[in-house]
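Below is one structure, written out as structure tokens; comments come after it.
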Amino acid sequence: VGLIACSVYILTMEPTGSLWDTGEFISSAYKLQIPHPPGAPLFILLGRLFSMVTPNDVAVGVNLLSALASGFTIMFLFWTITHFSRRLFYKAQDELTGNALFNVMAAGVIGSLAYTFSDSFWFSAVEGEVYALSSFFTAVVFWMILKWDHEDEKAGDDDLKRTHAERWIVLIFFMMGLSIGVHLLNLLTIPAIVMVYYFRRYKPTWSGGIIAFIIGCVITGVVQKAVIQWSISGAG
């Protein structure tokens, strides 16, 4: 699925720049300049690296970054869909065979390829803009919390294994920090990540679910204001 998505986006990507912000981002990446606020330093650095791949056609290199990031986004989406489809219809300890395996894989293929060819995502996947790379980080961090969920479930009451599973949460912190250097879209995964944590570690109730969601929204606000803005202004 990832190979199909990458191939589609590479074959259909823009030969130069689209008639909006992409020209700014491509030229900013080539000269390591600063694009419009709030800026996208990680995108600019990666765009510069990709521009070195095609030194005679910088736009193609930066567009290639978006195409590959989008293709890998679809791959992580496939894994996310198969995780949920398995959870919905089968027990975690069951070994999937025959029709069960086909149903889970078919759900992943249909869902991820439907998104591959959706208008908005395909549009962003073929041009040198931040949304493709931001979608990649969004898909990755949400897949990571599902990996934590899977490992935490397998650990059962073994505290050592449960602690070992927490490394996925630490990695989520790191990846989310990197994603801020691309776009703030990634922060919207925080309430969903908190909900996954709540349903794994606590006995779910209506009131508990609402409180967990509110906590997730509060954490999002704290990161948006305190971590991103106040820390920088304080350092200044």
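Residues are listed down the side, and each one gets a yes or a no for (1) touching a helix residue (DSSP H, G or I) at 6+ places or on another chain (Cβ under 6 Å); (2) open to solvent by 10 Å² or more (accessible area, probe 1.4 Å); (3) outside any helix (DSSP H, G or I):
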residue	(1), (2), (3)
Trp122	no, yes, no
Ser134	yes, no, no
Thr138	yes, yes, no
Glu151	yes, yes, no
Lys161	yes, yes, no
Ile172	yes, no, no
Met176	yes, yes, no
Leu187	yes, no, no
Pro191	yes, yes, no
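Evaluation of Leu96 against the conditions (1) touching a Phe, Trp or Tyr at 6+ places or on another chain (Cβ under 9 Å); (2) over 30 Å from Gly23 (Cα atoms); (3) not in a loop (DSSP other than H, G, I, E, B) shows that the sole unmet condition is (3). Does the stretch 44-63 contain any residue that is open to solvent by 30 Å² or more (accessible area, probe 1.4 Å), farther than 23 Å from Val141 by Cβ, in a helix (DSSP H, G or I) and of a type in the set (Gly, Ala, Ser)? Checking the stretch 44-63: not a single residue is open to solvent by 30 Å² or more (accessible area, probe 1.4 Å), farther than 23 Å from Val141 by Cβ, in a helix (DSSP H, G or I) and of a type in the set (Gly, Ala, Ser). For Val109, are the conditions met, namely being under 23 Å from Pro191 (Cα atoms), at pLDDT 95 or above and assigned to a helix (DSSP H, G or I)? Taking the combined requirement at face value, the residue does not satisfy it.
A count restricted to the stretch 4-23 and to residues that are in a helix (DSSP H, G or I) and either open to solvent by less than 60 Å² (accessible area, probe 1.4 Å) or in contact (Cβ under 8 Å) with a residue 40 or more places away in the chain (or both) stands at 10. For Asn103, are the conditions met, namely being exposed (fewer than 13 other Cβ atoms within 10 Å of the Cβ) and in a helix (DSSP H, G or I)? No, not satisfied. Across the stretch 64-87, the number of residues qualifying as small (Gly, Ala, Ser), crowded, with 20+ Cβ neighbours inside 10 Å and farther than 18 Å from Ala132 by Cα comes to 0.
The set of residues from the stretch 205-222 being open to solvent by 30 Å² or more (accessible area, probe 1.4 Å) and in a helix (DSSP H, G or I) comprises Trp206, Ser207, Ile210, Ile211, Phe213, Ile214, Ile215, Cys217, Val218, Ile219, Gly221, Val222.
The values are calculated or read from the model by the stated rules, or taken from the named source; none is laboratory data. The shown structure was predicted, so the numbers you read here are calculated from the model rather than taken from an experiment. In this analysis, Cβ positions are derived from the backbone assuming ideal geometry, glycine residues included, and neighbour counts consider all displayed protein chains. Quick note on the areas: whole protein, heavy atoms, side chains included, nothing else; ligands and nucleic acids left out. Shrake-Rupley method; radii C 1.70, N 1.55, O 1.52, S 1.80 Å.
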